[in-house]
Amino acid sequence: MNLDLWLIVIIGIASFRLTRLIVFDKITEFIRAPFFEEQIEEDPDGNKEIYLVPKGKGIKSWIGELLSCFWCTGVWSSLLLTAIYFLVPVFGVPVIFVLAVAAIGSVIEVFISKALGS
């Protein structure tokens, strides 16, 4: 097994992007929806805050807890990407490459947005 620093960095960046995609992005909301219920709380000023609370018990609750934890999902994303890299490299390498490039693009977008005051 040949692990060099660049491989670890690329898989790490790809894992970051996959984790954010699963935990936060609107496009994957349909994956998270079966595992959460919304609770709305109103403060004394009338402002409403929506909280996502894991649904049910057992495996459904466990998945909800996992999906609400960026760090927990990150471990599983890292495990998945590392496994597909070594077990199915013909599929894993392109997936990891695309996720890493997307992550770099996302970071650049954040810096540009901050610089422009958006």
Quiz item: On a 0 to 90 degree scale, rounded to 10, what angle separates helix 5-23 from the longest Cα axis of the chain?
Solution: 30
Quiz item: So who's got an amide H within less than 5 Å of the one on Phe36, skipping anything under 5 residues away but keeping other chains? H placed 1.01 Å off N, in plane.
Solution: Lys55
Quiz item: In debye, nearest 20: dipole of the chain around its Cα centre with unit charges on the Cβ of K, R (+) and D, E (-)?
Solution: 480
Exercise. Quick one: check the C-alpha center-to-center distance for the stretch 1-51 versus the stretch 76-118, whole angstrom.
Key: 14
Quiz prompt | Contour minus Cα-Cα distance for Ile59 and Lys26 (0.36 nm per residue) | solution = 9.6 nm
Quiz item: With point charges of +1 on the Cβ of Lys and Arg and -1 on the Cβ of Asp and Glu, referenced to the Cα centre of the stretch 6-79, which listed residue (Gly12, Trp71, Thr28) lies farthest in the positive direction of the dipole?
Solution: Gly12
Quiz item: With labels modelled as points extended 7 Å from the Cα through the Cβ direction, what inter-label distance (nm, one decimal) is found for Leu5 paired with Cys69?
Solution: 3.2
Quiz item: When we measure straight from the Cα of Lys26, which lysines land under 23 angstrom away, once same-chain ones fewer than 8 places off are left out?
Solution: Lys48, Lys55, Lys60, Lys114
Quiz item: Nearest 10 degrees, 0 to 90: what angle lies between the long axis of helix 89-116 and the longest principal axis of the chain (Cα atoms)?
Solution: 50
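Work out how much length Asp43 to Lys114 would gain on full extension: take 0.36 nm times their residue separation and subtract the Cα-Cα distance, in nm to one decimal. All intermediate terms of the calculation are to be shown ahead of the outcome.
Numbers: separation 71, 0.36 × 71 = 25.56 nm, distance 2.98 nm.
Between Asp43 and Lys114, full extension yields an extra 22.6 nm.
In terms of the Cα gyration tensor, with a ≥ b ≥ c the square roots of its eigenvalues, is the stretch 5-108 rounded because a/c is under 1.5, prolate because a/b exceeds b/c, or oblate? Mind dumping the intermediate values first?
Values: a/c = 3.11, a/b = 1.89, b/c = 1.64.
In terms of gyration-tensor shape, prolate.
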Quiz item: By the scheme Lys and Arg +1, Asp and Glu -1, what is the net charge of all other residues having a beta-carbon under 15 Å from that of Ser78?
Solution: +2
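All of the numbers you see were taken from the coordinates with simple rules; none came from a lab. Model, not experiment: these values are computed from the prediction. Cβ: placed from backbone, ideal geometry, glycine included. Neighbour counts: every protein chain shown.
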